[in-house]
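In what follows, a single structure is set out as structure tokens and then discussed.
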Amino acid sequence: MKKLIDGIHRFQSGIFEGKKELFERLAKRQEPDALFITCSDSRVSPTLLTQTVPGDLFILRNAGNLIPPYGPLHGAEAAAIEYAIEVLAVKDVIVCGHTYCGAMKAVLDPASLDRLPAMKGWLTYAEATRRVMDTHYEDLSNEDRLEVCIEENVLVQIENLKTHPSVLAAMSRGTLRLHAWVYEIESGNVMAFDDQTGQYLPVAEAGRGVAERPDRLSPNREI
Ligand SMILES: [Zn+2]
């Protein structure tokens, strides 16, 4: 805890003064560019990764960067998505998975969740990911299976995102783009799904977004 309190002191005495204008402007309103949906994992830092400042990203985090499909019961994810699109009018939504994701390890090894009933329940939102893995990637080594599972899960969650009316409406107006990313903790690389090639490419080389339903089982898909 001391590390956190010392950090707040350094922020107030050093950083805040230098960016006072920014914080005064942000006190009045926020106009984020993007909704950034990622895992709760402590090793993922969206603002560090994208070199953005407070006010740039509206961030939604949970275990496994999962997006429950739209339904009659509205949870925290649906509320955040609706607010980001309808009120803040973000232009982009990024779903960002990451390597060595514990939630995805658990998806591949459900027995590990026997003593974690809440997590087990939450990860039912990755059931489609588990089925894709069981059906199409049975022969991979454990390491490759985790890597592919992380990538496939981001695409599954992009599909779930499209069940939200605010998302679909903004996409049909041409005012919203969706992006499937995977952050590689060990290398600092960010890979983005490119819907033209059906593969994850370095973010600078990938297309401008996943506007259409991606064909995640494309024969060109690199695993
Ligand atoms: Zn994770």
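The values are calculated or read from the model by the stated rules, or taken from the named source; none is laboratory data. Since this is a predicted model, take the numbers as computed values, not measurements. Glycine gets a Cβ as well: all are built from the backbone with ideal geometry, and neighbour counts include every protein chain shown. Remember, those area values only see protein heavy atoms, side chains included, never the ligands or the DNA or RNA. Shrake-Rupley method; radii C 1.70, N 1.55, O 1.52, S 1.80 Å.
Figure legend. Inter-residue proximity from the range 28-42: first residues among the hydrophobic types (A, V, I, L, M, F, W, C), second residues open to solvent by less than 10 Å² (accessible area, probe 1.4 Å) and more than 16 Å from the ligand (Cβ to nearest atom), beta-carbon distance below 6 Å, spacing 6+ or different chains. Indicated pairs: 34/90; 35/84; 35/90; 35/93.
Listed here are the residues, each with its yes/no results for (1) in the same structural domain as residue 71 (by TED's automatic domain parsing); (2) under 18 Å from residue 46 (Cβ atoms); (3) at pLDDT 95 or above.
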| site | (1), (2), (3) |
| --- | --- |
| 169 | yes, no, yes |
| 176 | yes, no, yes |
| 182 | yes, yes, yes |
| 188 | yes, yes, yes |
| 219 | no, no, no |
| 222 | no, no, no |
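Among residues of the range 88-100 that are open to solvent by 10 Å² or more (accessible area, probe 1.4 Å), those with a beta-carbon under 9 Å from a residue that is away from the ligand (no atom under 12 Å from the Cβ) and acidic (Asp, Glu) at least six positions away or on a different chain give the pairs 88/31; 89/31; 91/33; 92/33; 99/147; 99/184; 99/186; 100/186.
Specify the residue that is nearest to the ligand (Cβ to nearest atom); the eligible residues are those in the range 44-60 that are surrounded by fewer than 15 Cβ atoms within 10 Å (Cβ to Cβ) and outside any helix (DSSP H, G or I). Let's see the steps before the verdict.
The initial filter retains those residues of the range 44-60 that are surrounded by fewer than 15 Cβ atoms within 10 Å (Cβ to Cβ), namely 45, 47-48, 51, 53-54.
If we keep only those that are outside any helix (DSSP H, G or I) too, we end up with 45, 51, 53-54.
Numbers: 45: 13, 51: 21, 53: 24, 54: 23 Å.
Only one residue tops the list, namely 45.
With respect to (1) more than 24 Å from residue 190 (Cα to Cα); (2) in a helix (DSSP H, G or I); (3) at pLDDT 95 or above, the lone exception for residue 14 is condition (3). Which one of these is aliphatic (A, V, I, L, M) and within 14 Å of the ligand (Cβ to nearest atom): 15, 37? Result of the check over 15, 37: 37. Restricting attention to the range 16-34, the residues being loosely packed, with under 12 Cβ neighbours inside 10 Å and either small (Gly, Ala, Ser) or over 28 Å from the mean Cα position of the chain (by Cα) (or both) number 6. Looking at the range 130-145, can you tell me whether even one residue there is within 14 Å of the ligand (Cβ to nearest atom) and touching a residue at least 12 places away in the same chain (Cβ under 8 Å)? Checking the range 130-145: not a single residue is within 14 Å of the ligand (Cβ to nearest atom) and touching a residue at least 12 places away in the same chain (Cβ under 8 Å). Annotation for the range 169-186: at least one member residue is under 21 Å from residue 63 (Cβ atoms), more than 16 Å from the chain's Cα centre (by Cα) and open to solvent by 50 Å² or more (accessible area, probe 1.4 Å).
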